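Asks: Here it is, the structure in full.
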């Protein structure tokens, strides 16, 4: 399970101000605490900050990787900004992931050359010109189409992360099931392709969001989830993830669970 830290996102006012003020210390502190919590990649989004967006991304990538020696998920709606992030990325720390490509022709045309140039991994959102489908079958069909587009361009299946698009359960009680069915359908058709979710979207607008996030994470993992953009400073969530991996047969002789317990990284209820 690839845990991607979600906190370095400029849609958060505090992070936006860090970027605009070039606050190196605060950005690096936020990077470190996520890695200490268990993140093995960090999502980097600087798009909402004022000023030159491409320079903001370049600064953020370099600043974060001066503090933590792990690969980054370059997150932006703009292809130029993504390319600037890939250009600044330290590839000795691992392969970068970009977030994201969709089935929209304009998005494919702008990002495919960048993906081919840098040989990065890529998050695929299951949406196209019609928007976000309200059913799993259409989402699976879009995923299948985009997997073909990417593999035809030389992208390995293992570098493709399908995002089934978690939408708030508070707006439609079927939103959680649609995501779970999409994960299963994609994995059934393409076992070597990875799946990824932005976890916290599921609970938006509802009370006790952490509880909803934690339970949905367990469900998603049982359906075949491979990666998640989460808050790694949530100790209970991280404990649930480690425990779920053990119970799903992905922890030989429970060795990782035992190690985490001994190191105080298992938080009981």
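Asks: Could you work out how much longer the chain between residue 129 and residue 157 gets when fully extended? Use 0.36 nm per residue separation minus the Cα distance between them, nm to one decimal. Walk me through the numbers before you get to the answer.
Replies: Details: separation 28, 0.36 × 28 = 10.08 nm, distance 2.40 nm.
So the extension gain works out to 7.7 nm.
Asks: Something else now. Measuring from label point to label point, each 7 Å out along Cα→Cβ, what is the residue 263 to residue 22 span in nm?
Replies: Taking the simple label geometry, residue 263 and residue 22 are separated by 3.6 nm.
Asks: Using label points projected 7 Å from each Cα along Cα→Cβ, tell me how many nm separate residue 13 and residue 1, to one decimal.
Replies: 3.3
Asks: Note the full-extension length gain between residue 248 and residue 206 as 0.36 nm times their separation in residues minus their Cα-Cα distance, in nm to one decimal.
Replies: In short, 12.3 nm is gained.
Asks: Further question on the same structure: For the stretch 180-195 and the stretch 25-47, what is the separation of their Cα centres, given in Å?
Replies: If you average the Cα positions of each part, the centres end up 28 Å apart.
Asks: Taking the Cβ-Cβ separation of residue 110 and residue 29 as r and a Förster radius of 35 Å, what is the calculated FRET efficiency to the nearest 0.05?
Replies: Numbers: r = 34 Å, r/R0 = 0.97.
Calculated transfer efficiency: 0.55.
Asks: Continuing with this model, one more query. Nearest 500 deg cm²/dmol is fine: what mean residue ellipticity at 222 nm does the chain get from its DSSP H runs of n ≥ 4 alone, each adding -39,500 (n - 2.57), divided by its residue count? Don't skip to the answer; put the middle values down first.
Replies: On the way: 10 runs with 128 residues, N = 269.
One gets -15000 deg cm²/dmol as the mean residue ellipticity at 222 nm.
Asks: Moving to a separate point now. Once fully extended, how much extra length lies between residue 149 and residue 174, figured as 0.36 nm per residue of separation less the alpha-carbon to alpha-carbon distance? Write out the running numbers ahead of the final one.
Replies: Working: separation 25, 0.36 × 25 = 9.00 nm, distance 2.94 nm.
So the extension gain works out to 6.1 nm.
Here, each number is a calculation from the coordinates, and none is a lab measurement. Please read these numbers as outputs of a predicted model, since none were measured by experiment. Please note: Cβ atoms are built from the backbone with ideal geometry, for glycine as well, and neighbour counts cover all protein chains shown.
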